[in-house]
Amino acid sequence: MKKTIIQSIVCVYLILISGSIHAQKIDANTLTTENYLDSVNIKKYKNKIDTKIIKIEINHIQGISSFYSKNLDGTMTSTGERFYNNKFTAACNLYKLNTIVRVTNLRNGKTVLVRINDRMHPNMLKKGRVIDLSQSAAKQLVFSSKGLVKVMVDAIGYSKKNPKLDDLNRP
């Protein structure tokens with residue numbers, strides 16, 4: 001109960017911040033208790049996960065985010081669909097495919113919703129990378145010039161549809 005109240009307060013705070021930056025709207029009721037972590041992949045890659053940088057809890061991961069190269073537009077993803085940088089999608093080895101996650105830039109508090117539709121190279125976990133965003137999603141978080149940012153990734157649900165800018169996500 002206490003954790004749910006704290007999560008709701010954090011979510012409301014993020015909503016207030018994101019409202020002024022034209023990010024996607026996030027409803028406090030989108031928090032989930034269902035586990036969306038991919039336990040098979042986590043076990044498979046446990047020796048590759050840099051635990052000094054990556055922190056994993058149920059539906060909550062902290063680590064480093066990067067973004068896709070422009071030349072990957074049109075390539076196939078792990079879900080069998082084509083990747084496009086103008087969609088709100090991401091690659092991640094730690095969540096199940098088609099999980100909708102909220103990615104928060106820990107430096108500036110900006111957030112974006114994306115759907116996990118691809119997998120990253122496992123060696124990225126050694127570098128502390130937990131998610132690889134489309135360029136549209138990365139733009140919402142305002143990445144540094146190096147193309148990397150410390151993020152918090154929270155699972156909020158499951159969908160085969162991609163989130164869109166200014167979507168209001170309700171359960």
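The values are calculated or read from the model by the stated rules, or taken from the named source; none is laboratory data. On a predicted model such as this, the values are computed, not experimentally measured, just so you know. In this analysis, Cβ positions are derived from the backbone assuming ideal geometry, glycine residues included, and neighbour counts consider all displayed protein chains. The accessibility values were calculated without ligands, DNA or RNA, using every heavy atom of the protein model including side chains. Shrake-Rupley method; radii C 1.70, N 1.55, O 1.52, S 1.80 Å.
(1) over 21 Å from LYS164 (Cβ atoms); (2) open to solvent by 20 Å² or more (accessible area, probe 1.4 Å); (3) under 12 Å from the mean Cα position of the chain (by Cα): which one isn't true of ILE61, the others all being true?
Failing condition for ILE61: (2).
For THR32, indicate whether it is touching a strand residue (DSSP E or B) at 6+ places or on another chain (Cβ under 9 Å), over 18 Å from GLN140 (Cβ atoms), crowded, with 17+ Cβ neighbours inside 10 Å and modelled with pLDDT under 90.
Working: touching a strand residue (DSSP E or B) at 6+ places or on another chain (Cβ under 9 Å): yes; over 18 Å from GLN140 (Cβ atoms): yes; crowded, with 17+ Cβ neighbours inside 10 Å: yes; modelled with pLDDT under 90: yes.
Taking the combined requirement at face value, the residue satisfies it.
Find the residue count for region 67-94, including only residues that are farther than 13 Å from ASP132 by Cβ and either free of Cβ contacts under 8 Å to residues at least 12 places away in the same chain or part of a helix (DSSP H, G or I) (or both).
6
Over 14 Å from MET152 (Cβ atoms), of a type in the set (A, V, I, L, M, F, W, C) and in a loop (DSSP other than H, G, I, E, B) - does that describe any residue in region 100-108?
Looking only at region 100-108, we keep the residues that are over 14 Å from MET152 (Cβ atoms), and these are 100.
When the remaining residues are screened for being of a type in the set (A, V, I, L, M, F, W, C), the result is 100.
Then drop every residue that is not in a loop (DSSP other than H, G, I, E, B), which leaves none.
No, because not a single residue in region 100-108 is over 14 Å from MET152 (Cβ atoms), of a type in the set (A, V, I, L, M, F, W, C) and in a loop (DSSP other than H, G, I, E, B).
Name the single residue, out of those in region 116-128 being over 20 Å from ASN71 (Cα atoms) and out of contact with any Asp or Glu (no Cβ under 8 Å at 6 or more places or on another chain), that is surrounded by the fewest Cβ atoms within 10 Å (Cβ to Cβ).
Across region 116-128, the extreme among qualifying residues is ASN123.
Determine whether region 10-28 contains at least one residue that is out of contact with any Cys (no Cβ under 9 Å at 6 or more places or on another chain) and at pLDDT 50 or above.
Start the filter on region 10-28 by keeping residues that are out of contact with any Cys (no Cβ under 9 Å at 6 or more places or on another chain), which leaves 10-25.
Filter again for at pLDDT 50 or above, leaving none.
Checked region 10-28: no residue is out of contact with any Cys (no Cβ under 9 Å at 6 or more places or on another chain) and at pLDDT 50 or above.
Considering only residues that are touching a Phe, Trp or Tyr at 6+ places or on another chain (Cβ under 7 Å) and more than 14 Å from LYS161 (Cβ to Cβ), which ones fall in region 113-130?
Correct list: ASP118, PRO122, LEU125.
What number goes with the only condition from (1) modelled with pLDDT under 95; (2) closer than 18 Å to TYR68 by Cα that ASN108 does not pass?
Here ASN108 meets the rest and fails (2).
Considering only residues that are under 16 Å from ARG102 (Cβ atoms), touching a helix residue (DSSP H, G or I) at 6+ places or on another chain (Cβ under 8 Å) and either open to solvent by 10 Å² or more (accessible area, probe 1.4 Å) or without any contact (Cβ under 8 Å) to a residue 24 or more places away in the chain (or both), which ones fall in region 133-151?
VAL149
May I ask you to list the residues in region 121-146 that are basic (Lys, Arg) and within 15 Å of the chain's Cα centre (by Cα)?
ARG129, LYS139
Looking at PHE88, PHE83, which is the one that is aromatic (Phe, Trp, Tyr) and open to solvent by less than 10 Å² (accessible area, probe 1.4 Å)? Explain how you work it out, then say what you get.
Working: PHE88 fails: open to solvent by less than 10 Å² (accessible area, probe 1.4 Å).
From the options PHE88, PHE83, the qualifying one is PHE83.
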